[in-house]
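Undergrad: Please see the structure below; I have some questions.
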Amino acid sequence: MDERLRFIAAVKSGTGSISSLCRMFGISRKTAYKWLDRYARRGPEGLVELSRARHFHPNATSPEALDLLLELRRARPTWGPRKLVTLLEREWPGVVFPSHSTAAALLHRHGLSRPRRRRATTPAFAGRLTVAEAPNQVWCGDFKGHFALGDRKRCYPLTVTDDHTRYLIRCHAALRSDHTLVREVLRSAFFEYGLPEVFRTDNGPPFATAAPGGLSLLAVWLIKLGVRPERIDKGKPTQNGRHERMHRTLKADAATPPERDRLAQQRRFDTWRTDYNEVRPHQAHDQMPPATFYLASRRRFPDAPRDPTYSPEMEPARVRTDGVLRWLDFRVPLTDLLSNELVGLEEGEDGWDIRFGPVLVGQLSKEGLFRKVVGQR
C-alpha cells in the first residue's frame, strides 16, 4: 500500500515519465495505469487489494431454488438437507437445486441449522436377532418415553414398525401402557396388515416378565397366533436402532410441543404417520418413502388363537389350571401364564427341555429338578 501511494505521488509531482517510474518501482505500464485509474475514481481506498473471486459463478444456486429451500426448511425444521433437496427435486422438476453439501451450507448461512451433537458410538450387536430381509419378517414395537399433555395427563406413544421397510404401522397415543391396550392395538394392526413372523420388543412390561422364558400374557397370545416374540438384550436399545431412530423423529415432529389432550395428540400422530410413510424421504431407500416398499402380509389374522405345533421328536403336554405340569411322576411348577396351555418336551441326555412354541421356558432333570430359563438366546 505504501509503495502504491509513493508511485502515485511521484507521478503527480512530475518526477519522471510513466515508463521511467515503472522501471523504478518494478511494475508494468498496465499495472501503473490501473492504480492511477483506481486512485482517480476512489482516492487512496482504490489502492486496497481487491478480492480475486469471480463476481458471478455459473453453478451458483438460483434465487428461486434458494427461496424454495429456505421455505421448505422453515416448514419442516427437523428435515436435513438431503431430504429437503430430494423432495424439492420431486415437486419442482424444472428447477436446479444445489447439492446436499451446498444446501447444508446455505441453511447454516441463513441461520436455519445447528451443528449436530457428536454421539458416542456403540459396537455392533453380535447376537442372533432375526435379520429382516423382506416386509413382515420382523415387526418392532415399543413405548416411546411418556410426556405430559396440555390437560396434565401422561401420553405413552405406542409405536409399531416394519423393520425391513421402516413402515410405521401404528402410532397410538395411549394413556396407559398395559397388556390390554397393547393387545388391542396389535389386534387392529394384524387385521389391517396381516401377521408378521417375529415381533421384537425390549424387556419391559407388558412385553416381558420375570416368568420362565420371559413370557408375558402378550407373548403367550402372540405365540398362539403364530408370531414369535423376540427381545433385545437388556440395556441394548441399539439392537432396535431403526425403531429408536424413528422415535427421535416422532418427538421432534409430532410431540413437541404436546397437544392439549389425547384426541388432539392422536390426530397429530395420524397426520404425521401418513407424512412419515408416504412423503418423508428415507435415506435407506434411496430417498424414497417407506410406503413405496411395504406390502401387507399374506398371513391373515386367525379366527381364534391355536395351540402351538411341535415336531415329532417332542412330546406335547397340557399344563394344569394352576400352572403346574404333570410329567411322568414329576410335578413341575411352571407359571400361571401357561395355565391350560400346550407345551412341548424334548428329551436330552440330562433330562427334558420344556418349550412353549419356539420359547424355551425351562429344563427338567432326570431327578425331577426344574430350572427355569429367563433369557431367549
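Please treat every number below as a calculation from the coordinates, not as lab data. Note that the structure is a prediction, hence the values are computed from the model and not measured. Using ideal geometry, Cβ is built from the backbone for each residue, glycine included, and neighbour counts are taken over all protein chains shown.
Undergrad: Can you tell me how region 138-292 classifies by the Cα gyration tensor, rounded, prolate or oblate, using a/c under 1.5 as the rounded cut? Walk me through the numbers on the way to the answer.
TA: Details: a/c = 1.65, a/b = 1.20, b/c = 1.38.
Cα axes put region 138-292 in the oblate bin.
Undergrad: Give the distance, in whole Å, between the Cα centre of region 2-51 and the Cα centre of region 184-223.
TA: 85 Å
Undergrad: Per residue of the chain, what 222 nm ellipticity follows from adding -39500 (n - 2.57) for every DSSP H run with n ≥ 4, rounded to the nearest 500? Before the final figure, lay out the partial values.
TA: On the way: 10 runs with 123 residues, N = 377.
Result for the chain: -10000 deg cm²/dmol, rounded to the nearest 500.
Undergrad: Same structure, new question: Show which lysines lie in cross-link reach of Lys34 when reach means a straight Cα distance below 30 angstrom and same-chain residues fewer than eight apart are skipped.
TA: Lys12
Undergrad: Continuing with the same structure: Sorted from fewest to most neighbouring beta carbons within 10 Å, what does the list Thr86, Thr61 look like?
TA: Thr61, Thr86
Undergrad: Determine, for Asp163, Asp151, the number of other Cβ atoms within 10 Å of each Cβ, and report the residues in order from fewest to most. List each step's numbers first, then the result.
TA: Values: Asp163 23, Asp151 11.
Fewest to most other Cβ atoms nearby, the residues stand as Asp151, Asp163.
Undergrad: What is the Cα radius of gyration of region 233-289 over 2.2 N^0.38 Å, N being its residue count? Mind dumping the intermediate values first?
TA: On the way: Rg = 13.4 Å, N = 57, 2.2 N^0.38 = 10.2 Å.
So the Cα radius of gyration is 1.31 times the expected 2.2 N^0.38 Å.
Undergrad: For region 236-342, which trypsin sites (Lys or Arg not before Pro) pass both filters: DSSP loop (anything but H, G, I, E, B) and at most 16 other C-beta atoms within 10 Å? Kindly include the intermediate steps, with their values, before the conclusion.
TA: Working: sites: Arg242, Arg245, Arg248, Lys251, Arg260, Arg262, Arg267, Arg268, Arg273, Arg298, Arg299, Arg300, Arg306, Arg318, Arg320, Arg326, Arg331; in loops: Arg260, Arg298, Arg299, Arg300, Arg306, Arg320.
Of the trypsin sites (Lys or Arg not before Pro), the ones in loops of region 236-342 whose Cβ has at most 16 other Cβ atoms within 10 Å are Arg260, Arg298, Arg299, Arg300, Arg306, Arg320.
Undergrad: Let me ask you something else. Got a sec? How would Ile223, Ile27 order by Cβ neighbour count within 10 Å, fewest to most?
TA: Details: Ile223 23, Ile27 16.
So the residues, fewest neighbours to most, are Ile27, Ile223.
Undergrad: Report, to two decimal places, the Cα Rg of region 315-372 normalised by 2.2 N^0.38 Å (N = number of residues). Before the final figure, lay out each step's value.
TA: Working: Rg = 10.1 Å, N = 58, 2.2 N^0.38 = 10.3 Å.
Normalised Cα radius of gyration, region 315-372: 0.98.
Undergrad: I would also like to ask the following. Would you work out which of Leu328, Ile223, Leu5 lies farthest towards the positive end of the dipole of the chain? Charges go on Cβ: Lys and Arg +1, Asp and Glu -1.
TA: Leu5
Undergrad: Give the shape of region 63-109 as rounded, prolate or oblate, defined through the alpha-carbon gyration tensor: a ≥ b ≥ c are the square roots of its eigenvalues, a/c under 1.5 means rounded, and otherwise the shape is prolate if a/b is larger than b/c and oblate if not.
TA: Rounded shape, in that the Cα axes give a/c under 1.5.
Undergrad: Let me ask something else. Which residue, Thr31, Thr15, Trp92, has the largest displacement toward the positive end of the dipole of region 1-156 when charges sit on each Cβ (Lys, Arg +1; Asp, Glu -1)?
TA: Highest projection toward the positive end goes to Thr15.
Undergrad: Out of the trypsin sites (Lys or Arg not before Pro) in region 146-191, which ones are loop residues according to DSSP with at most 15 other C-beta atoms within 10 Å? Before the final figure, lay out each step's value.
TA: Details: sites: Arg152, Lys153, Arg154, Arg166, Arg170, Arg176, Arg183, Arg187; in loops: Arg152, Lys153, Arg166, Arg176.
Loop-located and lightly packed - Arg152, Lys153, Arg176.
Undergrad: Mind running the shape call on region 2-47? Use the C-alpha gyration tensor, a ≥ b ≥ c as the square roots of the eigenvalues: rounded below 1.5 for a/c, prolate if a/b tops b/c, oblate otherwise.
TA: The shape class here is prolate.
Undergrad: On to the next question. In degrees from 0 to 90, rounded to the nearest 10, what is the angle of the helix 100-109 Cα long axis to the longest principal axis of the chain?
TA: 70 degrees
Undergrad: What are the semi-axes of the equivalent ellipsoid for the chain, taken as the square roots of 5 times the Cα gyration tensor eigenvalues, largest first, in whole Å? Intermediate results must be reported in sequence, preceding the final value.
TA: Numbers: eigenvalues 1014, 105, 63 Å².
Equivalent ellipsoid of the chain: 71, 23, 18 Å, largest first.
Undergrad: Here is a follow-up. Calculate the dipole size of the chain relative to its Cα centre from +1 charges on Lys and Arg beta carbons and -1 charges on Asp and Glu beta carbons; express the result in debye to the nearest 20. All intermediate terms of the calculation are to be shown ahead of the outcome.
TA: On the way: 63 positive and 44 negative charges, 523 e Å.
In debye, rounded to 20, the chain gives about 2520.
Undergrad: To the nearest 20 debye, what charge dipole does region 220-349 have about its Cα centre, counting +1 at the Cβ of each Lys and Arg and -1 at the Cβ of each Asp and Glu? Spell out each step's value before the answer.
TA: On the way: 23 positive and 21 negative charges, 145 e Å.
Dipole about the Cα centre, nearest 20: 700 debye.
Undergrad: DSSP loop (so not H, G, I, E, B), at most 16 other Cβ within 10 Å: list which GluC sites (Glu not before Pro) in region 62-95 pass both filters.
TA: Of the GluC sites (Glu not before Pro), not one in the loops of region 62-95 has a Cβ with at most 16 other Cβ atoms within 10 Å.
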